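For reference, the structure discussed in these notes is given below.
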Amino acid sequence: MAGFLDNFRWPECECIDWSERRNAVASVVAGILFFTGWWIMIDAAVVYPKPEQLNHTFHTCGVFSTLAFFMINAVSNAQVRGDSYESGCLGRTGARVWLFIGFMLMFGSLIASMWILFGAYVTQTSSYQKSFRMAGQPYSP
């Protein structure tokens with residue numbers, strides 16, 4: 001897969017130079033996505049306030065992914081390369097370890113959210129399926 005899109009060129013826009021602002025634009029887009037996710041989670045918690053309707057411990061994945069979001073965006077490319085971060089606790093190595101921990105938190109919360117999705121919502125049997133089982137119909141998933 002390496003080199004899959006190497007020869008593909010986006011149309012050039014002379015009005016905006018994206019080379020210097022690529023990381024800033026990516027951070028803003030990620031922030032908008034996180035804002036939208038939190039908006040939906042808070043709305044669901046308000047609409048379904050009882051723990052029987054929505055288990056509020058499921059918000060833990062969102063908390064950890066937001067923490068990882070801030071950890072990842074706190075490290076610049078220059079700090080990872082070692083261009084501008086010479087002093088500090090661990091220098092370039094510390095920035096790389098911090099970034100690695102942020103990515104581990106992010107992927108761990110993604111995996112946990114998929115586990116919650118399938119464990120709590122997808123594999124549950126609905127009342128429609130239960131009614132067929134009670135009526136003596138064979139159950140086939």
### Query
Looking at (1) loosely packed, with under 14 Cβ neighbours inside 10 Å; (2) in a helix (DSSP H, G or I); (3) at pLDDT below 90, which is the only condition Phe58 fails?
(1)
### Qualifying positions in the stretch 42-72 - touching a Ser or Thr at 6+ places or on another chain (Cβ under 6 Å) and not hydrophobic (A, V, I, L, M, F, W, C)
Ser65
### Boolean, Ile32 is closer than 18 Å to Leu117 by Cβ, modelled with pLDDT of 90 or more and among the aliphatic types (A, V, I, L, M)
no
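Okay, residues lined up against (1) part of a helix (DSSP H, G or I); (2) farther than 30 Å from Ala24 by Cβ; (3) at pLDDT below 85:
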residue	(1), (2), (3)
Trp38	yes, no, no
Leu67	yes, no, no
Glu86	no, no, yes
Gly94	yes, no, no
Val97	yes, no, no
Leu105	yes, no, no
Gln137	no, yes, yes
### Task
Take Ala45 and decide whether it is within 22 Å of the chain's Cα centre (by Cα) and farther than 21 Å from Gly102 by Cα.
yes
### Message
Please determine whether any residue of the stretch 43-55 is surrounded by 11 or more Cβ atoms within 10 Å (Cβ to Cβ), at pLDDT 85 or above and in a helix (DSSP H, G or I).
### Response
yes
## Note on the structure
Scanning the stretch 71-83 residue by residue, those in contact (Cβ under 8 Å) with a residue 24 or more places away in the chain and surrounded by 12 or more Cβ atoms within 10 Å (Cβ to Cβ) turn out to be Met71, Ile72, Asn73, Ala74, Val75, Ser76
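The values are calculated or read from the model by the stated rules, or taken from the named source; none is laboratory data. Computed from a predicted model, the values in this text were never measured in an experiment. A quick note on method: Cβ atoms are made from the backbone with ideal geometry, for glycine too, and the neighbour counts reach across all protein chains shown.
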